[in-house]
1. Less than 14 Å Cβ to Cβ from P5, Lys/Arg counted +1 and Asp/Glu -1: what total charge do the surrounding residues give?
2. Once the other residues with Cβ under 11 Å from the Cβ of E58 are scored (Lys, Arg +1; Asp, Glu -1), what is the net sum?
3. Rounded to the nearest 20 Debye, what is the dipole magnitude of the stretch 1-151 about its Cα centre when Lys and Arg each give +1 and Asp and Glu each give -1 at the C-beta?
4. Is the chain rounded, prolate or oblate when judged by the Cα gyration tensor, a ≥ b ≥ c being the square roots of its eigenvalues, rounded requiring a/c under 1.5 and prolate requiring a/b larger than b/c?
5. Taking the highest mean first, how do the peptides 63-69, 116-122, 151-157 order by number of other beta carbon atoms within 10 angstrom per residue?
6. Report, in debye and to the nearest 20, how large the dipole of the stretch 62-179 comes out about its Cα centre when Lys and Arg carry +1 and Asp and Glu carry -1 on their Cβ.
7. Of the options L48, A30, A103, report the single residue whose Cα projects farthest towards the positive end of the charge dipole of the stretch 7-111 (beta-carbon charges: Lys, Arg +1; Asp, Glu -1).
Amino acid sequence: MYLPPKTDDQEWLGVLIAIPEPWVTELTAARRELGDPAADCVPAHLTLIPPTPVNVDEREDVFRHLQHVASHFGPFRLSLSGTGTFLPTSPVVFLDVTEGADACMSLADELRSGPLDHQARFPYHPHVTLAHGLPEESLHRARAGWADFEASWMVPGFRLDSVDPNGRYNTRALFDFAL
């Protein structure tokens, strides 16, 4: 997992859409089976803002910003179906978002401002990572083995996580959509 440089007075914060049960457990087990070392410290999720260095003294500004964004969005349906990959650019296999991608992109655009304004490493593409940085054989196995996967649910809001130096995600707050 890539963590951008930060200073001692900063923390890494990320914003995500949580994957509900039973899929989060199923996906965690799959990632573990594929050999993903982050399977047990990074729950399956859809990233809206990747881990971003934020000054610790700006944490309240981040909370206010997230509350403001959540107040302008309503719940939406998110559907995953099949797999895709970022190869050869990046060794990632993901579950494809087939419904709700536009809502995710709008939400990510709104979130990526104010205290969470940052230069993205890659153009935003909503997805749920299934395998990352694994040997090519594992990536191919993930892509073929999960090609028929489907899940769909209503997204009620998003979550703010902090990320420790070992890459472990820790929930800090939940933000429900208000519309």
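1. Taking every other residue near P5 into account, the sum is -1.
2. Net of charged neighbours comes to -3.
3. Working: 10 positive and 22 negative charges, 47 e Å.
With only Lys, Arg, Asp and Glu charged at Cβ, the dipole is about 220 debye.
4. Oblate, since a/c reaches 1.5 and b/c is not below a/b.
5. Details: 63-69: 17.4, 116-122: 12.1, 151-157: 15.4.
Listed from highest to lowest mean packing, they are 63-69, 151-157, 116-122.
6. The calculation lands at about 300 debye.
7. A30
Bear in mind these aren't lab numbers, they're just calculated from the coordinates by the rules spelled out. Model, not experiment: these values are computed from the prediction. FYI the Cβ positions are ideal-geometry reconstructions off the backbone, even for glycines, and counts take in every protein chain you see.
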